[in-house]
1. Just the ratio, please: alpha-carbon radius of gyration of segment 110-173 over 2.2 N^0.38 Å, N its number of residues.
2. To the nearest 0.05, what FRET efficiency results for residue 34 and residue 212 with a Förster distance of 25 Å applied to their C-beta separation?
3. How high is the relative contact order of segment 57-102, in percent, with contacts defined as C-alpha pairs under 8 Å that are six or more residues apart?
4. Find the accessible area per residue for segment 47-117; the probe is 1.4 Å, ligands and nucleic acids are left out, and the unit is Å².
5. Evaluated at 20 °C with a viscosity of 1.002 mPa s, what Stokes-Einstein diffusion coefficient in µm²/s does segment 162-262 have when Rh comes from the Kirkwood expression over alpha-carbon pairs?
6. Can you send over the carbon and sulfur percentage of the accessible area for the chain, probe radius 1.4 Å, protein chains only?
7. When we measure straight from the Cα of residue 44, which lysines land under 30 angstrom away, once same-chain ones fewer than 8 places off are left out?
8. Assuming 0.36 nm per residue, please report the length gained on full extension of the stretch residue 94 to residue 141 beyond their Cα-Cα distance.
Amino acid sequence: MHITDAQVRGVLTYEDLIPAMERALADYTTGKAIQPVRTLIPVKEHGGYLFVMPAYCGALGAKLVTYYPKNQGIKTHFATIQLFKPETGEPFVLLDGTLITEMRTAAVSAAATRALARDDASRLAILGSGVQARSHLAALRHVRDFRDVRVWSPRSGAAFAAEHGITAAESAEACVDGADVIVVATTSSTPVLEGGWVAPGAHVNSVGAALADSRELDDAFVHSATLFVDSRAAALVESGDVIAAGRVDAEIGEVFEGTHAGRASRDEITWFKSLGMAVEDIATADIVYRRSVAMGRTE
């Protein structure tokens, strides 16, 4: 059986996905879900990477994903997910993984934002104008009521703003000025967000710079914000920003599980660093498969 991205789009919603990501990450933190740190294979002559990501979280499966940040005219990420029957190990459904990756990443940030951002957060800033900027704009609107949304990108910010009916900022600094929630979703390998720009009490989701030698956030920010990650084991070796911070304050699953209080004060700056996890992909793929069967949308 094969489920395409088009079929995924027809059955997967953020209303289902956001709470499912909370459960998956809580299960990972408590040891109910099992996954190793993903395997990374560099393809140096072409500037790309292959990631291998298996997990068991009730559902059993693995994702293969490629990341080619210099791609022009085509996507930078391609992915496929294979599910296996946990009882026998038989492969039974193959899913296109590109849209699943896009949506689960935004859903995890939305869950983190619901848990960590101030209840009255109403100003959203997005640095970046690609796939994750689009998905985060959609997902975050499920957890907060934003009355002011700004975007900045050195190439496509104006076009993105016009498409989505939001405001294009002239610079990254102007974009995040006074923002309550900030999304940093870029392909930059050097910092685009400075700590001195971030208002007290802001919450930041950073989803780019997913390699040990890449940064999206400057030293002033990473040393001043309270840091939550999806996985300690992964973040401390895979994220240049977390490596620079030299610490992890908590896994976001601890907040979802109730063993960490999350935000400690109104003026605290919270930071969720998302690297993406196999348990997120496999839990999402299981939702897509079950919903597709129930709706009669499988081949």
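1. It is 1.07.
2. Once the sixth-power term is evaluated, E becomes 0.60.
3. For segment 57-102, the relative contact order is 34 percent.
4. Value returned for segment 47-117: 40 Å² of accessible area per residue.
5. Translational diffusion coefficient: 149 µm²/s.
6. 51 percent
7. 63, 70, 75, 273
8. In short, 13.9 nm is gained.
The values are calculated or read from the model by the stated rules, or taken from the named source; none is laboratory data. This structure is a prediction, so every number in the text was calculated from the model and none was measured. Ideal geometry is used to build each Cβ from the backbone, glycine not excepted, and the neighbour counts take in all protein chains shown. Surface accessibility is based on the protein's heavy atoms, side chains included, excluding ligands, DNA and RNA. Shrake-Rupley method; radii C 1.70, N 1.55, O 1.52, S 1.80 Å.
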